[in-house]
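Written below as structure tokens is the structure these notes are about.
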Amino acid sequence: MSLANGLSYLAIPGPSVMPERVLRAMHRSAPNIYHGELPELVPGIVERLKTVARTSAHVAMYITNGHGAWEAAAANVFSPGDLVLVLATGRFAEGWADIARAMGVETEILDYGKCDTIDLDQVRDRLRADDGRIKAIMVVQTDTSTGIRNDIAALRAVIDETGHDALFMVDCMASLGCDRFEMDAWGVDVMIAGSQKGLMTPPGLGFVYFSDKADRARETARCVTHYWDWRPRVDPDYFYRYFDGTAPTHHLYGLDEAIRMIEEEGLENVWTRHAALAQAIWAAFDHWGSGGPLEINITDPALRSHSVTALRVGSDKATALRQWCETKAGLTLGIGLGMAEPGAPEWHNFFRIGHMGHVNAQMILGALATIEAGLKAVELPHTSGGIERAAAVIADLA
Ligand SMILES: *Cc1c(COP(=O)(O)O)cnc(C)c1O
């Protein structure tokens with residue numbers, strides 16, 4: 001029997017759940033892109049996007065996904081032969097590095113594996129030893145494959161200690177609108193994000209935030225092309241230059257509404273909600289895993305993302321669990337990403353749960369109770385009662 005009919009929950013780490021309000025804002029006929037409501041809406045969206053990242057820097061918008069935002073960011077600051085220091089804590093920093101390398105940029109990767117954060121001492125030593133070649137440092141705030149959350153402020157402090165003037169480039173695809181991020185206070189020069197995670201809007205919009213210092217690098221960057229150039233997009237003489245062509249009309253209506261929802265709740269409250277829900281999730285998994293093979297990939301709670309949790313189950317039963325939750329109960333969990341090669345037997349040992357954007361206590365408690373049922377149904381070894389731990393956290397924090 002299946003009990004999946006009803007409201008489903010897509011608990012993968014992007015695209016995230018779309019609020020009814022966002023869907024309704026998008027459900028309309030096409031607007032005029034030359035004058036009127038839509039062109040008038042866009043400058044305000046740009047300003048409000050800055051608020052979400054706590055910055056007064058520039059924001060260039062692109063019709064693209066995260067990969068396109070990666071490419072846009074790299075194209076505007078690099079020339080072939082430049083050296084970039086990549087601090088890798090999972091699959092996503094590697095992905096950004098691949099894109100830079102394809103442009104002829106040299107990438108030096110400090111790899112911290114799949115369960116750990118950046119070694120700040122090593123970064124300090126590497127920057128001190130640099131002979132002025134490192135043009136930029138690229139890092140991911142929340143790595144969506146491992147569930148790690150890197151301390152961006154601490155990294156900035158280390159860069160400052162060394163006096164190195166490398167550009168500080170941060171991928172906030174999975175953390176903007178979920179985890180605290182303070183672009184100006186943390187001295188970030190380039191930040192990338194997209195519409196489809198914490199911003200609760202369908203995939204299709206990529207954002208590149210950049211400081212004046214980054215824009216000075218744009219002056220000499222030879223990787224930049226007409227389409228990816230961020231300059232016309234932040235200072236357009238005609239409306240079409242915001243997107244170098246037709247604007248993503250309906251995405252803009254959706255994004256406008258999504259940002260309004262964040263504004264109504266308050267950014268600090270949005271962050272606090274994500275933190276509280278994450279604690280409930282950890283409480284459940286830590287209990288289920290006590291004395292058994294199931295475990296959260298990141299051991300130290302201080303290093304865990306508040307928007308995505310990666311799990312290792314110690315056997316090939318993660319796939320069965322995901323399938324059970326989806327087909328029997330209407331809960332879609334994320335595949336393990338970057339933890340094992342696709343096709344290898346170990347690929348089935350991992351899964352993730354996305355808890356970003358439009359999520360609340362009843363959704364998380366429902367998802368966790370479903371997972372506990374699934375653990376029993378597929379006979380994945382666990383200590384019963386994790387859902388009670390999660391309920392206690394919610395009762396305590398709400
Ligand atoms: C989702 C994600 C990306 C890539 O986004 P796509 O839209 O899949 O190209 C990049 N970085 C991080 C941290 C992400 O979570």
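Tabulated data
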| item | result |
| --- | --- |
| Criterion violated by GLY198 - all others in (1) within 17 Å of SER56 (Cβ to Cβ); (2) in contact with a Leu (Cβ under 6 Å, 6 or more places away or on another chain) satisfied | (1) |
| Conditions (1) in the same structural domain as ILE152 (by TED's automatic domain parsing); (2) under 30 Å from GLN362 (Cα atoms); (3) touching a helix residue (DSSP H, G or I) at 6+ places or on another chain (Cβ under 6 Å): number failed by SER2 | (1) |
| Subset of segment 203-217 [farther than 16 Å from ILE45 by Cα and either under 13 Å from the mean Cα position of the chain (by Cα) or within 16 Å of the ligand (Cβ to nearest atom) (or both)] | PRO203 |
| Tally of residues being touching a Phe, Trp or Tyr at 6+ places or on another chain (Cβ under 9 Å), in a loop (DSSP other than H, G, I, E, B) and either in contact (Cβ under 8 Å) with a residue 12 or more places away in the chain or of a type in the set (Phe, Trp, Tyr) (or both) across segment 212-241 | 7 |
| Residue in segment 183-193 that is more than 10 Å from the ligand (Cβ to nearest atom) and within 25 Å of VAL17 (Cβ to Cβ) present | yes |
| Test: residue in segment 6-24 that is under 17 Å from LEU167 (Cβ atoms) and either assigned by TED's automatic domain parsing to the domain that holds LEU205 or within 16 Å of the ligand (Cβ to nearest atom) (or both) | no |
| Selection from segment 63-105 of residues that are buried (at least 20 other Cβ atoms within 10 Å of the Cβ) and away from the ligand (no atom under 15 Å from the Cβ) | ALA75, ASN76, VAL77, PHE78, ASP82, VAL84, LEU85, VAL105 |
| Single unsatisfied condition, VAL208 versus (1) β-branched (Val, Ile, Thr); (2) closer than 24 Å to ALA97 by Cβ; (3) free of Cβ contacts under 8 Å to residues at least 60 places away in the same chain | (3) |
| Complete set of residues in segment 352-398 that are in contact with a helix residue (DSSP H, G or I) (Cβ under 9 Å, 6 or more places away or on another chain), closer than 12 Å to LEU321 by Cβ and charged (D, E, K, R) | GLU372, GLU379 |
| Failed criterion for MET363 (all others in (1) over 22 Å from GLN279 (Cα atoms); (2) touching a Phe, Trp or Tyr at 6+ places or on another chain (Cβ under 8 Å); (3) aliphatic (A, V, I, L, M); (4) surrounded by fewer than 22 Cβ atoms within 10 Å (Cβ to Cβ) hold) | (1) |
| Residue in segment 366-374 that is in a loop (DSSP other than H, G, I, E, B) and over 20 Å from GLY113 (Cα atoms) present | no |
| Flag if ASP165 is more than 16 Å from the ligand (Cβ to nearest atom) and assigned to a loop (DSSP other than H, G, I, E, B) | yes |
| SER79 hydroxyl-bearing (Ser, Thr, Tyr), assigned to a loop (DSSP other than H, G, I, E, B) and closer than 15 Å to GLU106 by Cα | yes |
| Odd one out for THR309, checked against (1) in contact (Cβ under 8 Å) with a residue 60 or more places away in the chain; (2) part of a helix (DSSP H, G or I) | (2) |
| Cβ-Cβ under 9 Å pairs, at least 6 apart or on other chains, segment 130-156 side within 13 Å of the ligand (Cβ to nearest atom) and charged (D, E, K, R), far side modelled with pLDDT under 95 and not in a strand (DSSP E or B) | ASP143/GLY338 |
| Test: residue in segment 269-282 that is of a type in the set (Phe, Trp, Tyr), in contact (Cβ under 8 Å) with a residue 12 or more places away in the chain and within 14 Å of LEU375 (Cβ to Cβ) | no |
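The values are calculated or read from the model by the stated rules, or taken from the named source; none is laboratory data. Because the structure is predicted, anything quoted here is derived from the model rather than measured. Every residue, glycine as well, gets a Cβ built from its backbone with ideal geometry; the counts of neighbours run over all protein chains shown.
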